[in-house]
Amino acid sequence: MNTPVALLAATTLFWGWQTGQWAVAVPCALLIEAARFVPRRWDFDAARLNRIGDLGAALTLVAGVWFYVTLGNPRAITQLFVWLPLAYLPLALSQAYGTHRQISLGVLFWSMRRHRSRKAMQVNFAYPYWGLWIVAASAANRRDGSFEIGLVALVVWALWQARPRSRGVAQWLLLVPLAAGTGYAGHLGLHDLQLWLEGNAADWLGGDGGSKTDPYRADTDLGHIGSLKQSDRIVLRVRSEARFTRPLLLHRASYDSYTGLRWLAKNAPFAPVIQSAGATWNLSGTPSSPNATAPAPQRVDIIEQTIHGRPVLALPAGTQRIENLAASEVNLNALGAVQVEHRPGFVPYRALFAAGAAEAVAPRADDLMVPKRETEAFTRIAQNLNLKALAPQDALAAVQQHFATGFGYSLVQSGAKSSAPPLVDFMERTHSGHCEYFASAAVLLLRAGGIPARYATGYSAQEWNDREGAYLVRERHAHAWVRAWVDGAWREIDTTPPSWAVMEAEAAPWWSRFADWWSWLRLHFAEMQSEETQTPLTWIVVVAALMLWVGWRLFGKPAQTVTKPAQLATHQTAPGRDSPFYRIEQALGARGWQRSAHETLQEWVARISPHLEQGAAELAQLLPLHYRWRFDPQGLADAERRALNAGVDAWLARQLA
């Protein structure tokens, strides 16, 4: 390789350290570095190098599709960068074991091959490939400071031979910590900028189509004029021992303070949930014990797909325990939201719950607050329904009956905006809206009637799929409802007309069936590659067979093998090829000062002389004798030959001392 000795091997091992993939890094490092000791070279022609470059591009494409199918974005992008050097390993080996010190850029870029009239641009692929290993190591994102230390060491190693010889070594070494410190300060600054952007621009940085739940705030579309567009993307799969008799509400977060167009969760900090045996998390604080009088808890298996590292889980009301959840951390707030630390992708877990009530803390003063702008209207409606005089269960029934009579579901809000608040306009004039209207209005109406209530959000599981044997929950199944404090527990009430799901399903696009198949395929591959299962022997055999085939295609049959260039000069019988000056070229080439294929020796000496600490003048004096030895038909006299030999020996002795 045209890099300092062992630099590429060390960088490959550094990648193995950062990613933990030592079983891959060690063989790659040995393959790359062994090229310095193999005495044979393969003479790859342009067509073969192009095929090797195309192989790298094809492997990159296949890996990108594979990671997207199994992991989804953004993790697919980071994993692609982690494994990208492996895709171009065949091309790197073709230069390391080939006769070409440089390759044409057309090998990497197919578009450049079409312009055959242009002179091909040559590049030493070894250094870009070295940089590719560095980028791949950074994508592992260990966050422990080891990457910065290793990066500085490798960069200093790579730049050592290219340092200006006109400057002292001590002066050059003093610049290393200065450059490293400046780069690290820039890294910290960019990290702080990223945190600021995520904290202050969450709305436009999220971009996940509404599947992300903020447990502290719920922005609504109350008062929105026009049609609300809902995605058909599958976000959850729910598997149950028996089919549901009515839609199952999967709670994500609740909120207790209404500010006009937004619900907030006030004074609801998260507290850690203690993990019990295995991957089990008890939300009640203590493991549940058998009770002969209590009904057996129901259970559902849920597979959630998320692109975030801290998703809020969708759980049935009354969830007591979560099993099979491979999370590093689970947190629960006082309003029943459960947030976990889990790698992005598919998140499988099992929820055991007691149907009928949600376990949460008793109501607070905020659970009875009605904003001033809505107080007069909702108090009047509560009085008309006589809610305060009714028993809590009867009051709930009265509220549900009120919304079931004369109200309709709609995703389209038409007409001019009213001067009244959106919820007041909904209750007194339009009588039409989506679930956010029904849930928000029901919460305020119950509060006006003296019943503590909260605004709850999550999903409604109701679409059964025979192929998967599960309920498919889509983004358009996102729902809002009410949690009311009745008989010492939070009871769930859904005042939205049941027709809402049917109306949205009828508006599903024609291509949603193909999207469902694609989503199922991604899930299938993810389950095959789950961390809990070992890699099947079949995949090991397939990968090994592929690597053997690639090796045979590249190095087994075609290319003509030639002797190593270093040995080539000593075995040539052409006049002048035995000049001792070539020993200087070989010695400097081993130290990284290779002569390019287009350079004459005179141009090469002129290029490297400024970087030599000493001996540049002697080198210029020896060069004319070499040219006479090499090209002068008269040749050199014996005394001149002895002088050139002695001069080369003396120069090498001083340089290599």
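The values are calculated or read from the model by the stated rules, or taken from the named source; none is laboratory data. As the structure is a prediction and not an experimental result, all values here were calculated from the model. Glycine also receives a Cβ, built like all others from the backbone with ideal geometry; neighbour counts cover every protein chain displayed. Surface accessibility is based on the protein's heavy atoms, side chains included, excluding ligands, DNA and RNA. Shrake-Rupley method; radii C 1.70, N 1.55, O 1.52, S 1.80 Å.
As for the range 459-477, it holds no residue that is under 21 Å from Pro371 (Cα atoms) and either open to solvent by less than 10 Å² (accessible area, probe 1.4 Å) or outside any strand (DSSP E or B) (or both). In the range 369-394, the residue that is nearest to Ile493 (Cα to Cα) out of those that are among the aliphatic types (A, V, I, L, M), part of a helix (DSSP H, G or I) and without any contact (Cβ under 8 Å) to a residue 60 or more places away in the chain is Ala389. Considering only the range 236-275, state which residues are without any contact (Cβ under 8 Å) to a residue 60 or more places away in the chain, surrounded by 15 or more Cβ atoms within 10 Å (Cβ to Cβ) and farther than 26 Å from Ala365 by Cβ. Matches in the range 236-275: Gln275 only. Residue-level check: of (1) open to solvent by 40 Å² or more (accessible area, probe 1.4 Å); (2) at pLDDT 80 or above; (3) over 57 Å from the mean Cα position of the chain (by Cα), Ala574 misses just (2). How many residues are touching a Pro at 6+ places or on another chain (Cβ under 9 Å), of a type in the set (A, V, I, L, M) and open to solvent by 30 Å² or more (accessible area, probe 1.4 Å) when one looks only at the range 366-396? So the answer is 1. The numbered conditions (1) surrounded by 13 or more Cβ atoms within 10 Å (Cβ to Cβ); (2) among the acidic types (Asp, Glu); (3) over 26 Å from Gln102 (Cβ atoms) are all true for Glu585 except (3). Could you tell me whether Arg654 is of a type in the set (D, E, K, R) and surrounded by 15 or more Cβ atoms within 10 Å (Cβ to Cβ)? Spelling it out, it is not the case that Arg654 is of a type in the set (D, E, K, R) and surrounded by 15 or more Cβ atoms within 10 Å (Cβ to Cβ).
In summary, helices (runs of 4 or more DSSP H) completely within the range 31-101 and bearing 2 or more residues that are open to solvent by 60 Å² or more (accessible area, probe 1.4 Å) occur at 46-71, 75-87. Of the residues that make up the range 335-351, is at least one of a type in the set (A, V, I, L, M, F, W, C), under 20 Å from Glu492 (Cβ atoms) and assigned to a strand (DSSP E or B)? Among the residues of the range 335-351, at least one is of a type in the set (A, V, I, L, M, F, W, C), under 20 Å from Glu492 (Cβ atoms) and assigned to a strand (DSSP E or B), which makes the answer yes. The residue that is most open to solvent (accessible area, probe 1.4 Å), among those in the range 478-509 that are more than 27 Å from Ala397 (Cα to Cα) and not small (Gly, Ala, Ser), is Glu506. Quick one: is Val399 crowded, with 24+ Cβ neighbours inside 10 Å, hydrophobic (A, V, I, L, M, F, W, C) and under 17 Å from Gly260 (Cβ atoms)? No: the conditions fail for Val399.
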